[in-house]
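Undergrad: The structure under discussion is supplied below as structure tokens; questions concerning it will follow.
The values are calculated or read from the model by the stated rules, or taken from the named source; none is laboratory data. All figures in this text were calculated on a predicted structure; none of them were measured in a lab. Methodologically, a virtual Cβ is constructed for each residue, glycine included, from the backbone with ideal geometry; neighbour enumeration extends over all protein chains shown.
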């Protein structure tokens, strides 16, 4: 299984929206609705922010939203806030109870 | 409160063996898989493997098959990640996470493993 493809970086000003893509194949992202997203701040453990393509775990602001089309999933952060700066990772089921991560995207709030 | 508490940082030499742990509390241990994730210095997250505490059934990522061994002790609600022969390239932070409802919903704080001669 190859890693899912994410842009290495993304940026936006406070209040703006930014979308991060996560491209896989018909064997992972395209085959399953089990795409999730994680936020990681420096020196901290990852935190889940989206599950099953577009579900927000309890406590996650509704500024975070997810979607999927074909082999590409997307995370949109609306109304950017300074605390949204960090690394974002997607993951998808890849069959046979195996998961695969994306390479990660560093989000900068300008 | 649902928690995963991982063992402390380790410094080892190449060729040595190591077992790190992940102790769960606050939920029914056998109801959720445990996943292990590697993060090498300055790099992204890599999914290593998952274990079902009910029956110890394991799925490994092809990248980690044969390099590490997973196990659980149901009596203490603890999962383990083990190396028989460490290499410098095993230097990383290792996270355990609970896998429920199709995502990793609770994470441990990570265990830093440093392998250096």
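Undergrad: So residue B:46 clears everything in (1) within 13 Å of another protein chain (Cβ to nearest Cβ); (2) surrounded by fewer than 16 Cβ atoms within 10 Å (Cβ to Cβ) except one condition, right? Which one?
TA: Here residue B:46 clears every test but (2).
Undergrad: For residue B:5, state whether it is surrounded by fewer than 18 Cβ atoms within 10 Å (Cβ to Cβ) and either within 13 Å of the chain's Cα centre (by Cα) or part of a strand (DSSP E or B) (or both).
TA: Yes, satisfied.
Undergrad: Oh, and also: Hey, does the stretch B:50-57 have a residue that's more than 9 Å from chain A (Cβ to nearest Cβ), within 25 Å of residue A:3 (Cα to Cα) and buried (at least 21 other Cβ atoms within 10 Å of the Cβ)?
TA: Scanning the stretch B:50-57, I find at least one residue that is more than 9 Å from chain A (Cβ to nearest Cβ), within 25 Å of residue A:3 (Cα to Cα) and buried (at least 21 other Cβ atoms within 10 Å of the Cβ), so the answer is yes.
Undergrad: Filter the stretch B:16-43 for residues that are within 14 Å of another protein chain (Cβ to nearest Cβ), in a strand (DSSP E or B) and touching a helix residue (DSSP H, G or I) at 6+ places or on another chain (Cβ under 9 Å) and give the result.
TA: Scanning the stretch B:16-43 gives a single hit, B:38.
Undergrad: Just the residues that are touching a strand residue (DSSP E or B) at 6+ places or on another chain (Cβ under 6 Å) and more than 13 Å from residue B:104 (Cα to Cα), please, taken from the stretch B:18-45.
TA: Selection gives B:18, B:19, B:20, B:21, B:22, B:23, B:24, B:25, B:26, B:38, B:39, B:40.
Undergrad: Another one. Filter the stretch A:83-100 down to residues that are outside any strand (DSSP E or B) and facing chain B (nearest Cβ under 7 Å) and give me whichever is surrounded by the most Cβ atoms within 10 Å (Cβ to Cβ).
TA: Among those residues, the one meeting the criterion is A:98.
Undergrad: Which count do you get for residues in the stretch B:92-117 that are farther than 19 Å from residue A:35 by Cβ, within 9 Å of chain A (Cβ to nearest Cβ) and part of a loop (DSSP other than H, G, I, E, B)?
TA: Qualifying residue count, the stretch B:92-117: 3.
Undergrad: Moving on. For residue B:79, work out the one condition from (1) more than 19 Å from residue A:89 (Cβ to Cβ); (2) surrounded by fewer than 21 Cβ atoms within 10 Å (Cβ to Cβ) it doesn't fulfil.
TA: Unmet condition: (2).
Undergrad: Being within 12 Å of another protein chain (Cβ to nearest Cβ), more than 20 Å from residue B:107 (Cα to Cα) and out of contact with any helix residue (DSSP H, G or I) (no Cβ under 6 Å at 6 or more places or on another chain) narrows it down to one of A:44, A:33, so name that one.
TA: Just a single option satisfies the conditions, and that option is A:33.
Undergrad: Sticking with this one: Going through the stretch A:101-110 one residue at a time, which ones are part of a loop (DSSP other than H, G, I, E, B) and buried (at least 19 other Cβ atoms within 10 Å of the Cβ)?
TA: Correct list: A:104 only.
Undergrad: I'm trying to understand the selection: among the residues of the stretch A:63-82, which are in contact with a strand residue (DSSP E or B) (Cβ under 8 Å, 6 or more places away or on another chain), outside any loop (DSSP other than H, G, I, E, B) and either surrounded by fewer than 15 Cβ atoms within 10 Å (Cβ to Cβ) or touching a residue at least 40 places away in the same chain (Cβ under 8 Å) (or both)?
TA: Scanning the stretch A:63-82 gives A:67, A:72, A:73, A:74, A:75, A:76, A:77, A:82.
Undergrad: Scan the stretch B:67-91 residue by residue and report those that are within 28 Å of residue A:35 (Cα to Cα) and either part of a helix (DSSP H, G or I) or at pLDDT below 95 (or both).
TA: B:90
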